[in-house]
Amino acid sequence: MSIHVNEANLTFHLQTDHTSYIFQIMKNGEAGQIYYGPRIHVQPTYQNLMSQEWRDATPSLNEENPNFQPATIKAEYASLGKGDFRQPAFQVTQANGSRITELTYDHYQLLTGKQRLANLPSTFDDTDDDTQTLVVSFNDRITGLALGLNYSIFPHQDVIVKSAKFTNPSSEKLVLNRVLSSQLDLPDANYDLIQFSGTWARERHLYRHPLRSGMQSISSLRMASSHQQNPFMMLARPQTTDEQGAVFGFNLVYSGNFLDAVEVDQYSTSRILTGINPDEFGWNLAPQATFQTPEAILSYTSAGMNQLSQQMASFYQQHLVNPRFAHEERPVLINNWEATYFDFNEAKLMTIVNQAKRLGIEMFVLDDGWFGHRDDDTTSLGDWFVDQRKFPDGIEHFSQAVHQQGMKFGLWFEPEMISVDSDLYQQHPDWLIHAPKSTPTPGRHQFVLDMARPEVVDYLFKLMSQMIESANLDYIKWDMNRYATEMFSSRLTSDQQLELPHRYILGVYQLYVRLTQAYPNVLFESCASGGGRFDLGMMYYAPQAWTSDDTDAAERLLIQFGTSYGYPQAMMGAHVSAVPNDQMGRITSLKTRGAVAFFGDLGYELDITKMAPTELDQVKKQVAFYKRYRQLFQFGKFYRIDSPFVGDGNVTSWQVVSDDQKQAIAARYQLLNHPNAPYTRFYFKGLRPNQRYQINDDPSTYYGDELMNAGYFVPTILADGQASKDFYAQLFVVTAI
Ligand code: DGJ
């Protein structure tokens, strides 16, 4: 039993294996937050945890209850305008312009399991994993608006999933101005906010700052979760590290405009709000209509950030990723983008395919440029017909040739976009998102389709289906290379315009739903100029995502290390590309490039027909090595060891460990080599203390406790006067004997 309800005082105690989340219906009829943290006993009351004191100069509920002051309590889902002056969780405008609501508790419902949401990506429990769902319902005394707060408890991964659902039973239209997915009020503010921020080619770098008084937030208004800010954030005690300490994780199953906000108030309590960004949002809730928010993920551990990442990764694999692919090993691919860019034809690609086959690569992915008359990035988006100049016998012919090699075949699309130089634009110029009288703002010479129009989704479904069927596709890379501007839809009424950002992303999800249902065996990889939409909403449909356009091995250490806090390595597309690297001009060895890309879904993205025989031999060995340990690389428990975000960042290391702890692979990467360097020991993680292990071809054996506590001596990397030893990678394959 994960959910304990005290009927007498309407207290709800939600327990996971290691955490407790408690709230109670308060005097004003709303829910008050009591506790979230390490698991505690179920008690009849939790007076000690309520932490409310009367304070001067503060409004109270009414004359009869002078001590009940909304500004001094921890609320569960607060409104604005009744004396709680912090940022609210929701706000609704009535026909008369009033935004004041008075929610009062109505009833609760306990359900076994967790159902998927209807039109949004969501968590689920298909496996009878002891999941329970609690719905607590409220009515607004003024408008009749009904609110259901949903809590699903996934006990074994220590995850709580929250969302809110609004229903308008009245005969009047209501406007939802703000509908966040989760509010959490914590009793103090002694936390560091850890966020993952960046930009194109520099996604999800870690930033850590102590909370300060007032509002602090991470958000997007780009109609995508964005390269700039990721919806995943953590609140950790100042002393918390990857290895130990208290930490909360927050994420959203959503890919559009989002807000993660923390408000520290005058009593040093913290309010954490996550959900759809209230800016550029407004939703008309017609009589009898409902609005369901995206789901918020909350997770807690007292055992450090590695533990938090691991429990969330396990949760996503079991309860979010499409079960068809969640446990399936992902193919090693070759992608032609950095090998050819737009300059290819079938004959040229076949030389790459044939070479890839010899190297053991399992899938060929044809990237941008196969359709319309697209020889550069100025044309043809929307014309999802094969370019006969490049494929005179059709894509079917090429696909058959790839399949005949025993390889899978994947194709790139950028469904949400349109080029002005396209047949689609000639036919439907109005399908482009643009505002009346305003000049459309180009981005990469392209514009955004109005995905809120069902006819746009129908068109894309039809054309993509034709390609999937005719080319017998095994995989689709779904790209999205610019953010939306001039947010206006001529399909919507004037009072619906603020619905467009959310309707847009619902249209994207709708297309994903239709394609994944019609073609359940097609593996999707999401992409947005690299990692511009790397989020849990995408993960639900596309089990893997292109992590970043930056394929430089040294930059990837920062990107993959940062990403690993919130997302499992099976989600991270990681490719070996050519040197000098296209984004950085940096030269790193093939060994190092491979050793970085191994810790994700391995691919190659370079012209393998131009490599020297010795390099080809090395690639062949890399592919064989990766396949041998693929289960471990993609699904093993991931441990961060040395952070590139700490100190001078010269050393990064991480490790994957099998569930049975019999096999592990660790990697240590050093950016610059130093002369006469200090001694180094490598401290492994997650091994069995009493198990003996062997490392690489070292004939000695070592107990796990020795390797974890005393470390393994790593000899100095000596310059041999020939090749640079900068950007140097070492792999340690650890095998139980
Ligand atoms: C951006 C992606 O991130 C790249 O991998 C590539 O697919 C290009 N778009 C193609 O235009």
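Just to confirm the filter: which GluC sites (Glu not before Pro) across the stretch 169-261 are DSSP coil and have at most 16 other Cβ within 10 angstrom of their Cβ?
Working: sites: E172, E203, E243; in loops: E172, E243.
Loop-located and lightly packed - E172, E243.
What number in nm² do you get for the stretch 452-511 if you take the convex hull of its Cα atoms and divide its surface by four? Could the numbers behind the result be given before it?
On the way: hull surface 19.0 nm².
Projected over every direction and averaged, the Cα hull of the stretch 452-511 covers 4.7 nm².
Taking a quarter of the surface of the Cα convex hull of the stretch 230-305, what do you get in nm²? If you can, show how the numbers build up before the last one.
Working: hull surface 28.2 nm².
Seen from a random direction, the Cα hull of the stretch 230-305 projects 7.1 nm² on average.
Determine the dipole magnitude for the chain: charges of +1 sit on the beta-carbon of Lys and Arg, -1 on that of Asp and Glu, nothing else is charged, the reference point is the Cα centre, and the result goes in debye to the nearest 20. Display every interim value, and only then the final one.
Numbers: 59 positive and 82 negative charges, 193 e Å.
So the magnitude is around 920 debye.
Based on Cα coordinates alone, diagonalise the gyration tensor for the stretch 271-360, multiply each eigenvalue by 5, take square roots, and list the semi-axes in whole Å, largest first. Write out the running numbers ahead of the final one.
On the way: eigenvalues 355, 122, 42 Å².
Semi-axes (√(5λ), whole Å): 42, 25, 14.
Can you report the principal axis dimensions of the stretch 376-500 using only the alpha carbons, biggest first, rounded to whole angstrom?
Principal axes ranked by extent give 55, 25, 23 Å for the Cα atoms.
What whole-number value in cubic angstrom gives the convex hull volume per residue for the C-alpha atoms of the stretch 548-650?
Details: hull volume 10.2 nm³, N = 103.
Considering the Cα atoms of the stretch 548-650, their hull volume per residue is 99 Å³.
How many angstrom lie between the Cα centre of the stretch 289-343 and the Cα centre of the stretch 588-620?
The two parts, judged by their Cα centres, are 25 Å apart.
Tell me what the chain gives for mean residue ellipticity at 222 nm when only DSSP H runs of n ≥ 4 count, each as -39,500 (n - 2.57), the sum divided by the residue total, rounded to 500 deg cm²/dmol.
Values: 15 runs with 148 residues, N = 737.
Only helices count here, giving -6000 deg cm²/dmol.
Expressed as a whole number of Å, what is the distance separating the alpha-carbon centroids of the stretch 646-691 and the stretch 56-98?
Cα centres, the stretch 56-98 to the stretch 646-691: 51 Å.
Just to compare against my own numbers: the Cα pair-distance distribution for the stretch 151-201, 10 Å bins, whole % per bin, please.
14, 25, 35, 20, 6, 0
Name the residue from Q288, G410, S380 whose Cα lies farthest towards the positive end of the charge dipole of the stretch 263-418, charges +1 on Cβ of Lys and Arg and -1 on Cβ of Asp and Glu.
Of the candidates, G410 comes out farthest on the positive side.
Put +1 on the Cβ of every Lys and Arg and -1 on every Asp and Glu Cβ in the stretch 648-737; which of N676, Q661, V734 then has its Cα farthest towards the positive end of the dipole?
The Cα lying farthest towards the positive end belongs to Q661.
Over all Cα pairs of the stretch 499-541, how is the pair count split among 5 Å bins, expressed in % and running from 0 up to the last occupied bin?
6, 20, 27, 27, 15, 5, 1
Any idea what the dipole of the stretch 57-182 comes to, in debye rounded to 20, about its Cα centre with Lys/Arg Cβ at +1 and Asp/Glu Cβ at -1? Please list the in-between numbers first.
Values: 11 positive and 14 negative charges, 113 e Å.
The calculation lands at about 540 debye.
Can you put W54, W654 in order, fewest other beta carbons within 10 Å first? Each step should come with its number before you reach the end.
Numbers: W54 11, W654 24.
Neighbour counts put them in this order, fewest first: W54, W654.
In Å and on Cα atoms, what radius of gyration and Dmax does the stretch 150-287 show?
16.5, 55
Two-decimal Rg/Rh of the stretch 451-559 from alpha-carbon positions, Kirkwood Rh?
Details: Rg = 15.7 Å, Rh = 15.4 Å.
Over the Cα atoms of the stretch 451-559, Rg/Rh equals 1.02.
Checking a compactness column here: for the stretch 87-213, what do you get for Rg(Cα) / (2.2 N^0.38 Å), N being the number of residues?
On the way: Rg = 18.4 Å, N = 127, 2.2 N^0.38 = 13.9 Å.
Normalised Cα radius of gyration, the stretch 87-213: 1.33.
Using all C-alpha to C-alpha distances in the stretch 323-383, build P(r) with 10 Å bins and read off the rounded percent in each one.
Spelled out bin by bin, the stretch 323-383 gives 20, 41, 27, 12 percent.
For the chain, just run the numbers: alpha carbon Rg, then divide by 2.2 N^0.38 Å, N being how many residues it has. Present the calculation step by step, with values, prior to reporting the outcome.
On the way: Rg = 26.8 Å, N = 737, 2.2 N^0.38 = 27.0 Å.
My calculation over the Cα atoms of the chain gives 0.99.
Going Cα to Cα from K408, which lysines come in below 24 Å? Please leave out same-chain ones fewer than 8 positions away.
K348, K357, K390, K462, K477, K610, K620, K621, K627
Counting only DSSP beta bridges with both residues in the chain, tell me the antiparallel percent, nearest 5.
On the way: 132 of 161 bridges.
Looking only at bridges with both residues in the chain, the antiparallel portion is about 80 percent.
Using alpha carbon centroids, what distance separates the stretch 712-729 and the stretch 485-536, in Å?
47
Once the Cα atoms of the stretch 1-114 are picked out, what are the Rg and Dmax in Å?
15.6, 48
Determine the shape class of the stretch 614-729: with a ≥ b ≥ c the square roots of the Cα gyration tensor eigenvalues, call it rounded for a/c under 1.5, and otherwise prolate if a/b is greater than b/c, oblate otherwise.
On the way: a/c = 1.61, a/b = 1.19, b/c = 1.35.
The shape class here is oblate.
Just so you know, all these numbers are worked out from the coordinates, no wet-lab data involved. Source: prediction; values computed, not measured. Quick reminder, even Gly has a Cβ in these numbers, built from the backbone with ideal geometry, and neighbours come from all protein chains shown.
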